[in-house]
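Here you go, one structure.
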Amino acid sequence: MGGLIGNNGAVIISGIEKTWGEFPELGNEHTVEALSCSLGLQKEVVSSNALNRTRAPRTTVEVNASRTGSLPVEVKPASGFETLLRAGCKYYSTGTADSWSTDLDGAVVKGATSITLTDGTGILANDIVQIGSGTTSECAKITDITASPTFTIERPLAYAHSDAEATIEVIAPFTHNFIFDTNADLESFSLDKYLGTAFGERFKGVRVNSIEMSSAIGEMISGSFDLIGKEQEKIDDDTDGSDVLVDSGTTDSTVAGSLVDSTQNFETTLPTPTTINYLVKNTTDNTWSYVTSVTNDTTLVLENDIMVSGDAYEIYSSPFMLSATDIDALASSVDEPYTFANGTITEGGSDFGCVTSFNLNVNNNLDAGKCLGSGDNLGRLTALRGEITFGFDLEYYDDTVFDKYQDGTTLDILLTLSHDTSPYSITIDIPQLRLTEMPMELTDGVLSSSLNGIAEYSTSDSYHFKISSINNTYTA
């Protein structure tokens, strides 16, 4: 996306990719409020051993390149934190039914940007629709109703859906659920790392290797994501329109939200606006917008209403071109981070003690697939056997947990983290936690222990663990 973001460094922009390593379509970007970013390119070279007149080798050869690192973030409501969770887990969303309900009229594929319903009565732009139920349900925002009962939606669908799947309107707050799925095809995303000057790095085909969430009483809750990227490139400051100029001219008609030039052949010069991202500059009054669709050879639909008849324009082709103003407008939480101060923890539905800290680790155990025949040796990125561990420090009220540890019985843990601003909350649900260690000590008359365990698959719940984020903003 590019663009200079001040001089404070490490502003992260990311978005779920429709195809691995292919930059997300416009409208699918999120700001991730990162604490830092160590994701970077590491090159491994070997020296030539050829004899020469000097002691030092004359040449070196690059034998491997890797793009790995970590991204610590603040855990905030309605933030890019959920984008990263979605990339590291399986994602689905649910909401509370509102005024209308209908069904899909025809199957839709993963990545679809429109849906057709059996009945379009009463459906309005900006309505939120929930498609399906269970672990393949998802919410989508309707953006265009002109072709009713076929509707354009804001973001590509995360899952394929069958004909006649139930489809309902839902209202806030929404619940976004993230579960570990050993068979999941992990989502990938693009990530821009700004270095506080006029350049930065872009990583495409990024996948989450592991996730860690932790905190102690009275501290901010933070999350850290270990990442592996497929491609890396340098980002220059593109806010001055320095990318490839693909077309220019002068409008000769005024249509709200459109650019109209009867002398043009836009269907030829702008063949794939949904994947390349075309930016339009009104050179008469120095305003900018994006091409959202090509109506025909003479008309473009723009994201913003910036053109009237007689305006001169330039169109640039760019996989990344956002100004600071554009980035400020992206979905980014203005709320304070969660702190480990408000909430509850239960075992089997009952309170069982006083927890002073916790740590959750989800390891996808990605194999970077270094091998011959794959360019820079990252042709594969395979999720091997994963593992979820959870630990917490506990002051005891009774011996229930200790008995289960001795007996080898699993714990049913539900940790709810509340936010100062209602109705935000996050829950960590581990229906079968088998404790692997439970050292105990008596300090000042208080029995306490640091418990650690592994999350097992629950056949009744159909997951190992689930993180649910509840907020009143659409952030799918």
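The values are calculated or read from the model by the stated rules, or taken from the named source; none is laboratory data. What you see is a predicted model, and the numbers here were worked out from it, not measured in a lab. Glycine also receives a Cβ, built like all others from the backbone with ideal geometry; neighbour counts cover every protein chain displayed.
Which condition number in (1) touching a Ser or Thr at 6+ places or on another chain (Cβ under 9 Å); (2) surrounded by fewer than 17 Cβ atoms within 10 Å (Cβ to Cβ); (3) assigned to a loop (DSSP other than H, G, I, E, B) is the one that ASP163 fails?
Result: ASP163 fails condition (1) only.
Checking ASP420 against (1) in a strand (DSSP E or B); (2) among the charged types (D, E, K, R); (3) out of contact with any Gly (no Cβ under 8 Å at 6 or more places or on another chain), which test does it fail?
The failed condition is (1).
Taking the stated definitions as given, is ILE16 surrounded by 19 or more Cβ atoms within 10 Å (Cβ to Cβ), modelled with pLDDT under 80 and not acidic (Asp, Glu)?
no
Could you tell me which of the residues ALA107, ALA140 is under 30 Å from ASN364 (Cα atoms) and outside the structural domain of GLU33 (by TED's automatic domain parsing)?
Of ALA107, ALA140, the one residue that is under 30 Å from ASN364 (Cα atoms) and outside the structural domain of GLU33 (by TED's automatic domain parsing) is ALA140.
Check ILE123 against each of (1) within 29 Å of THR19 (Cβ to Cβ); (2) part of a loop (DSSP other than H, G, I, E, B) and name the one condition it does not meet.
(1)
Rundown of residues vs (1) in contact with a helix residue (DSSP H, G or I) (Cβ under 9 Å, 6 or more places away or on another chain); (2) among the charged types (D, E, K, R); (3) not in a loop (DSSP other than H, G, I, E, B), yes/no style:
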| position | (1), (2), (3) |
| --- | --- |
| TYR92 | yes, no, yes |
| TRP100 | no, no, yes |
| GLY106 | no, no, no |
| ALA112 | no, no, no |
| ASP119 | no, yes, no |
| THR146 | no, no, no |
| ILE171 | no, no, yes |
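So for the stretch 72-93 (the condition being of a type in the set (A, V, I, L, M) and surrounded by fewer than 17 Cβ atoms within 10 Å (Cβ to Cβ)), does at least one residue qualify?
no
Hey, another quick one. In this structure, is LEU227 crowded, with 23+ Cβ neighbours inside 10 Å and either over 18 Å from the mean Cα position of the chain (by Cα) or at pLDDT 90 or above (or both)?
Yes; evaluated as a whole, the condition is true for this residue.
Are there any pairs, at least 6 apart or on different chains, whose C-beta atoms fall under 7 Å, with the first in the stretch 22-41 and under 21 Å from GLY111 (Cα atoms) and buried (at least 18 other Cβ atoms within 10 Å of the Cβ) and the second modelled with pLDDT of 85 or more and small (Gly, Ala, Ser), and if so, which?
PHE23/SER190; PRO24/SER190
Looking at THR268, THR275, which one is assigned to a helix (DSSP H, G or I), out of contact with any strand residue (DSSP E or B) (no Cβ under 9 Å at 6 or more places or on another chain) and at pLDDT 80 or above?
Of THR268, THR275, the one residue that is assigned to a helix (DSSP H, G or I), out of contact with any strand residue (DSSP E or B) (no Cβ under 9 Å at 6 or more places or on another chain) and at pLDDT 80 or above is THR268.
Which number in (1) among the charged types (D, E, K, R); (2) surrounded by fewer than 21 Cβ atoms within 10 Å (Cβ to Cβ); (3) under 17 Å from PHE178 (Cβ atoms) marks the one condition that ASP407 misses?
Only one criterion is unmet by ASP407, namely (3).
Report yes if LYS90 is modelled with pLDDT of 80 or more and either closer than 29 Å to ASN363 by Cα or assigned by TED's automatic domain parsing to the domain that holds ARG207 (or both), otherwise no.
So LYS90 fits the description; yes.
Okay, moving on. Going through the stretch 353-365 one residue at a time, which ones are farther than 21 Å from ILE388 by Cα and buried (at least 18 other Cβ atoms within 10 Å of the Cβ)?
Hit for the stretch 353-365 is GLY353, nothing else.
Return yes when LEU378 is at pLDDT 80 or above and within 27 Å of the chain's Cα centre (by Cα) and no when it is not.
For LEU378, the condition - at pLDDT 80 or above and within 27 Å of the chain's Cα centre (by Cα) - is not met.
Next question, about the same structure. Test each condition in (1) modelled with pLDDT of 85 or more; (2) surrounded by 16 or more Cβ atoms within 10 Å (Cβ to Cβ) for THR284 and report the one that comes out false.
Every condition holds for THR284 apart from (2).
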